[in-house]
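Engineer: To start, I am sharing the structure in question, which I have written as structure tokens.
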Amino acid sequence: MRIMLTVSFPNEEFNAAVRDGSVGPKTKAILEELKPEAVYYIERNGHRTAILLVELENPSMIPALAEPWFLTFNAKVELDVVMTPEDLGDAGLEKLGEKWG
């Protein structure tokens, strides 16, 4: 299952990592461990934010996705299941519409 992992970094902790030069190695180590399909960096609500697309094979993997960010940066982490257009095409919306519409 494809998951969109949204990581919002608190300014104080992230600023400290920028200042001491550890932000690059820390984020690189986490990304190498998680092996995301894609990573995007944005600003959201005044905070640096990373959006990662990752594959979740089992719900027991959630701590492995979230804990590195919690423990390294005291970050806020959100998980959302996402679909590709192909996934949506396979969802059977027409049958669901017939059944529930």
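Coordinate-derived values only; no laboratory data. Nothing here was measured: the structure is a model prediction, and the numbers come from that model. Please note: Cβ atoms are built from the backbone with ideal geometry, for glycine as well, and neighbour counts cover all protein chains shown.
Engineer: Specify which residue in the list 15, 58, 31 is farthest towards the positive end of the charge dipole of the chain, using unit charges on the beta carbon of Lys, Arg (+1) and Asp, Glu (-1), about the Cα centre.
Structural biologist: 15
Engineer: Give the relative contact order (percent, whole number) for the chain; include only Cα pairs under 8 Å separated by 6+ residues.
Structural biologist: Relative CO of the chain lands at 42 percent.
Engineer: Angle, helix 11-20 long axis vs. longest principal axis of the chain, Cα atoms, 0 to 90°, nearest 10?
Structural biologist: 50 degrees
Engineer: Could you give the angle, 0 to 90 degrees to the nearest 10, between helix 23-34's Cα long axis and the longest principal axis of the Cα atoms of the chain?
Structural biologist: In the chain, helix 23-34 runs at an angle near 30 degrees to the longest axis.
Engineer: With a 10 Å Cβ neighbour count serving as the proxy for reagent exposure, in which order, fewest first, do 82, 54, 7 appear?
Structural biologist: 82, 54, 7
Engineer: For a test of understanding, tell me how many lysine pairs in the chain have Cα atoms under 29 Å apart, given they are 8 or more places apart or on different chains.
Structural biologist: Summing the qualifying lysine pairs gives 4.
Engineer: Return one number: the angle in degrees, 0 to 90 and rounded to the nearest 10, between the long axis of the Cα atoms of helix 62-73 and the longest principal axis of the Cα atoms of the chain.
Structural biologist: 30 degrees
Engineer: If you project the alpha carbons of the chain onto their three principal axes, what span does each projection cover, largest first, in Å?
Structural biologist: The principal-axis extents, from largest down, are 59, 27, 19 Å.
Engineer: Could you tell me the ratio Rg/Rh of region 54-101? Both radii from Cα atoms, Rh via Kirkwood.
Structural biologist: Over the Cα atoms of region 54-101, Rg/Rh equals 1.21.
Engineer: Fewest Cβ neighbours within 10 Å first, please rank 8, 60, 22 accordingly.
Structural biologist: Lowest to highest Cβ neighbour count: 60, 22, 8.
Engineer: Compute a Gaussian network model of the chain, connecting alpha carbons closer than 10 Å, and tell me which residue from 71, 88, 34 fluctuates the most.
Structural biologist: So, out of 71, 88, 34, the one fluctuating most is 88.
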